[in-house]
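Throughout, read-outs are computed from the coordinates displayed, never taken from laboratory work. The structure presented is a predicted model; accordingly, all values stated were derived computationally and were not measured. Cβ atoms come from the backbone with ideal geometry, glycine included; neighbour counts cover every protein chain shown.
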Amino acid sequence: MSAVNLNTWTHSNFMFNQVTTTATTRSRSRIPSFYFTKIPISVSPIKPSSKPNSSFSVLSLLTKQEPIEAEEQNPIFNFKSYMIEKATRVNKALDDAVSLREPLKVHEAMRYSLLAGGKRVRPVLCLAACELVGGTEPMAMPAACAVEMIHTMSLIHDDLPCMDNDDLRRGKPTNHKVFGEDVAVLAGDALLAFAFEHIAVSTAGVSPARIVRAIGELAKSIGSEGLVAGQVVDINSEGLSDVGLEQLEFIHLHKTAALLEGAVVLGAILGGGSDEDVEKLRKFARYIGLLFQVVDDILDVTKSSQELGKTAGKDLVADKVTYPKLLGIEKSKEFAEKLNRDAQEQLSGFDLNKSAPLIALANYIAYRQN
């Protein structure tokens, strides 16, 4: 896995290298530790630069406006249609899985946030990874839904007054504003618990060993060495003046990238991927996970609340350290371009047609507008 080169910004990339070392030196049978949208879409991988420190073309990285034209230029893969089809099936599966039943209040709260829209990037990544290694969509759909349930839980809890204290999510009042803090906490807890039940009970056509492996992987990605680790360090970093790039990378590799990585790896495991396939896709996901957060940081200071569907500028108000704060907007855009290229390099050994959705998803994450 090529290093995320931040040497020009006085960063040693310690966390990324540590994650890679940990993942490759452990036994294959164990789960690696996590130490550590108008969009131009192309299904052609970004070609690696011949010079490791060459400048990137990023002047329009987050401002291009013609997704339809980009799609029409490639008759082989239509990303817009792909996302609509996949998201529609994911939404139906989520609606069926979390039905309205007693006790009504908590299930209403669960469904309010779970079915509130969203890009469904994580479940689609899970499905695409499964199909890339030879699996089928039904094999990974329960896991894809589980990942989205956990993601929704994290949003409900993030928005609480004791965390980010936010009033707006996906263009609607946050869960606790509608149902109260007590029910919002319980709705998040219920989604978390049901996510694991859903994988265990509803996954079909996959060996028990692979289902257990997938459950373990997902649990690891969101626990005290995954998403929670990133949240804790993020909270403790608010208002500090000495937070550097290494600590910021740790926060986002855990807080954001870990669950994205889990989504991709679950798909690869359940689809029957080899250990080599799983690890290549793990690296791909880690890059796009960090890319997702870098772009999120940029959008937080360049877009309005109406454009984002959530409160803009809240990181600045909370005095949180972000990539634009440490690097500036333009260097952050260059870093995003580098992450996108490095991510797509991990797909070079796979069939181009089968990897087209993941290539397009990486570009989608890089160029999204909300």
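For VAL201 and LYS105, the FRET efficiency from 1/(1 + (r/R0)^6), where r spans their Cβ atoms and R0 equals 22 Å, is about 0.35. Counting charges near GLU131 (Lys, Arg +1; Asp, Glu -1) among other residues having Cβ under 15 Å from its Cβ returns a value of -1. Can you give the translational diffusion coefficient of the range 79-367 in µm²/s, computed by Stokes-Einstein from the Kirkwood radius over Cα pairs at 25 °C and 0.890 mPa s? The estimated diffusion coefficient comes to 128 µm²/s. Under a model in which nothing but the beta-carbon of Lys, Arg (+1) and Asp, Glu (-1) is charged, the range 79-367 shows a dipole of about 760 debye around its Cα centre. Couplings 3J(HN,Hα) for the range 354-367, derived from phi with the Karplus relation 6.51 cos²θ - 1.76 cosθ + 1.60 (θ = phi - 60°), are 6, 8, 3, x, 6, 4, 5, 5, 4, 5, 4, 5, 5, 10 Hz, where x marks Gly and Pro. In this structure, the pairs whose alpha-carbon distance is over 19 Å, taken from LYS86/LYS354; LYS80/LYS119; LYS255/LYS283; LYS119/LYS220; LYS80/LYS283, are LYS119/LYS220; LYS80/LYS283. Selection among SER154, VAL121, VAL278 by position relative to the dipole of the range 79-367 gives VAL121 as farthest towards the positive end (Cβ unit charges, Cα centre). For ARG169, the residues 5 or more places off, or on other chains, whose built amide H falls under 5 Å of its own are THR174.
Each residue of the range 280-290 was assigned a 3J(HN,Hα) from its phi angle through the Karplus curve 6.51 cos²θ - 1.76 cosθ + 1.60 (θ = phi - 60°); the sequence is 5, 6, 4, 5, 4, 5, 5, 5, 6, x, 5 Hz, with glycine and proline shown as x. Note on LYS92/LEU326: beta-carbon distance plugged into 1/(1 + (r/R0)^6) with R0 of 45 Å gives a FRET efficiency of 0.60.
Here the contact order of the range 79-367, divided by its residue count and restricted to Cα pairs under 8 Å and six or more residues apart, works out to 21 percent. Using θ = phi - 60° in the Karplus curve 6.51 cos²θ - 1.76 cosθ + 1.60, the 3J(HN,Hα) couplings for the range 131-141 round to 5, 4, 8, x, x, 10, 4, x, 5, 10, 4 Hz; x is entered for Gly and Pro.
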